[in-house]
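*Asks:* One structure is given below, represented as structure tokens, and several questions about it will come after.
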Amino acid sequence: TDRPVLLTGETGVGKNLLARAIHLHSARRTCPFRTISGATSPESLLDGLLFGRSTGEPGLVESARCGTLLIDEIDGLTPSLQDKVRWAMETGQLNGRPTDVRWVAASSRDLAAEVAAGRFDAGLYDRFRADHRPVPPLRDRPADIAGLADGFVRRFATRHGRPARGVSPEALSLLEAYPWPGNVRELENTMQRAVLLADTARITPADLPSTLTDPLPIG
């Protein structure tokens, strides 16, 4: 569908990966996928990046035409920018011209609580929450670890020209037993390190960091 999507969850759970997957499985997959973070830049810069500059340079809303625009950490937008995003969504217009973009937002905060506290625009939240998809932390979905780890190994082995092409059962047991406080992002970084260290076709426990192989005792 073309309706807006809201992705929420802890930092590092893979909200950006899920947003890209939503785009790639939509009718807009042949058009651009654009992303911007609302928490990294001052208002004037974000305004220009999203809606275009006075020099005529187009913003992401325009350059993502017929595609998907992800606003990560949307709660970081200032009230005036939240209002401009809501207006563009409601009217389908930008500077008097029609827009054609699917809106996806992501946040690590509870946006309902942000609305109640007066820090997030209620109308904008209403636009997104009709298709709200909470993304559980990786510790709550251990069945995903094997597939994610295997995919990361293949990607990084190809990128770095390394021999690893999979994960040994012993290493996978350690990966599945670890709580992953850094979520998917931590797993991704762990597998990249393992690929760079491994000299065999499969990742072994020796290629994993000590946080996984020698966990601290509880209590």
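*Asks:* Would you mind telling me the share, in percent, of accessible area of segment 15-133 contributed by carbon and sulfur at probe 1.4 angstrom? Display every interim value, and only then the final one.
*Replies:* On the way: 2970 of 5910 Å².
C and S atoms contribute 50 percent here.
*Asks:* With the cut-off at 1.5 for a/c, could you classify segment 13-55 from its C-alpha gyration tensor as rounded, prolate or oblate?
*Replies:* Numbers: a/c = 5.50, a/b = 1.65, b/c = 3.34.
Since a/c reaches 1.5 but b/c is at least a/b, the shape of segment 13-55 is classed as oblate.
*Asks:* Could you tell me the relative contact order of segment 127-219? Use alpha-carbon pairs under 8 Å, at least six residues apart, and round to a whole percent. Could the numbers behind the result be given before it?
*Replies:* Working: 101 pairs, mean separation 28.5, N = 93.
It rounds to 31 percent for segment 127-219.
*Asks:* Hey, can you grab everything whose amide H is under 5 Å from the amide H of residue 35? Only 5+ residues off in sequence or another chain; H modelled, so Pro and N-termini drop out.
*Replies:* Here the answer is 70, since their amide H atoms fall under 5 Å of that of residue 35.
*Asks:* When only Cα pairs under 8 Å and 6 or more residues apart are kept, what is the percent relative contact order across the chain?
*Replies:* That works out to 23 percent.
*Asks:* Taking the solvent-accessible surface of protein heavy atoms with a 1.4 Å probe, what is the per residue accessible area of the chain in Å²? Each step should come with its number before you reach the end.
*Replies:* On the way: 11260 Å² over 219 residues.
Spelled out: the 1.4 Å probe surface of the chain, per residue, equals 51 Å².
*Asks:* Also, I was wondering about something else. Compute the Rg to Rh ratio over segment 70-135 from the alpha carbon atoms, using the Kirkwood formula for Rh, and round to two decimal places.
*Replies:* Values: Rg = 11.8 Å, Rh = 12.4 Å.
On the Cα set of segment 70-135, Rg over Rh gives 0.96.
*Asks:* Sticking with this one: Compute the convex hull volume of the Cα atoms of the chain, divide it by the residue count, and report the result per residue in Å³ as a whole number. List each step's numbers first, then the result.
*Replies:* On the way: hull volume 34.2 nm³, N = 219.
Cα convex hull per residue, to the nearest whole number: 156 Å³.
*Asks:* Which of the trypsin sites (Lys or Arg not before Pro) found in segment 25-83 are loop residues per DSSP with 14 or fewer other Cβ atoms within 10 Å of their Cβ?
*Replies:* Answer in residue order: 29, 53.
The values are calculated or read from the model by the stated rules, or taken from the named source; none is laboratory data. Keep in mind that what you see is a predicted model, and the values were worked out from it rather than measured. Cβ: placed from backbone, ideal geometry, glycine included. Neighbour counts: every protein chain shown. These accessible areas exclude ligands, DNA and RNA; they are computed on the full protein's heavy atoms, side chains included. Shrake-Rupley method; radii C 1.70, N 1.55, O 1.52, S 1.80 Å.
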